[in-house]
Amino acid sequence: MALGLTPVLISHTFGPETRRDDRRAAERVADMAQCRKLIKVIKGDYSAEETKGLIAAMDLMVGLRMHSCIAALSSGVPAISIAYGPKAVGIMGLAGQSKWVIDIKDLTSEALFELIERAWGERDDIRGSLCTHIPDVLAMAADNIGMISELVHQPKLEMQVTDTAGSPVVAQESGNVTGP
């Protein structure tokens, strides 16, 4: 790579079906690259904690999987998200990293390499920004867990829901669903 970086492909999803195993896709991507000899492909079957540890050891992360970007951001690793849906945009925005998102529809090698070069040049500033934003994100997550806990521990939980015809349906905490 022009920046002297070593691309490391870390799989984040391991199946259970073969088509959902990122390790196979990582091998195919590496094999298509012009600089194949420089690319390291992590092939093991790692736990979530081990995978996060691998990601945390990176200097810069380019991720397609939202949870790989979350692992990077929460570890203070600058991340570029290749977004194929709104969740990635939202997560990166919460962490103050909106400018490091590229929509998969706009993805070209030139656009990605330009973003990598910019992020690499700004990596210290990105780390500083993460140190500022991540504690706030963690506090919001803790607040959400608290609200969920309160809801779960209410004596009786009832929700007014309608079926596809618009008729009221009542869901009760017992799990039984009854109609009018």
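No lab work stands behind these numbers, since they all come straight from the coordinates. Quick caveat: nothing in here was measured; it's all calculated off a predicted structure. When we count neighbours, we look across all protein chains shown, and the Cβ atoms used for this are built from the backbone with ideal geometry, even at glycine.
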Check your understanding: Which residues' amide hydrogens lie under 5 Å from the amide hydrogen of H12, considering only partners 5 or more residues apart or on another chain, with H built in the peptide plane?
Key -> D22
Revision key, fill the gap. The chain, Gaussian network, Cα under 10 Å: of M58, M147, M66, the residue fluctuating most is M147
Practice item. Considering the options T108, A79, M66, tell which one lies farthest towards the positive end of the dipole of region 49-119, charges being +1 on Lys and Arg and -1 on Asp and Glu at the Cβ, about the Cα centre. Key: M66
Practice item. With a point put 7 Å past each Cα toward its Cβ, work out how far K99 is from I42 in nm, to one decimal. Key: 2.8 nm
Practice item. Under a 10 Å cutoff between Cα atoms, tell me which one of A165, A48, A33 has the largest fluctuation in the Gaussian network model of the chain. Key: A165
Point to revise | Additional length obtainable on full extension of the chain from A139 to H153, 0.36 nm per residue less Cα span | key: 2.9 nm
Point to revise | For V41, distant residues with modelled amide H under 5 Å away | key: L9
**Study point:** Helix-only CD estimate at 222 nm, as mean residue ellipticity for the chain, using -39500 (n - 2.57) per DSSP H run (n ≥ 4)
**Key:** -14500 deg cm²/dmol
**Study point:** Three-way shape label, region 17-129, alpha-carbon gyration tensor, a/c 1.5
**Key:** rounded
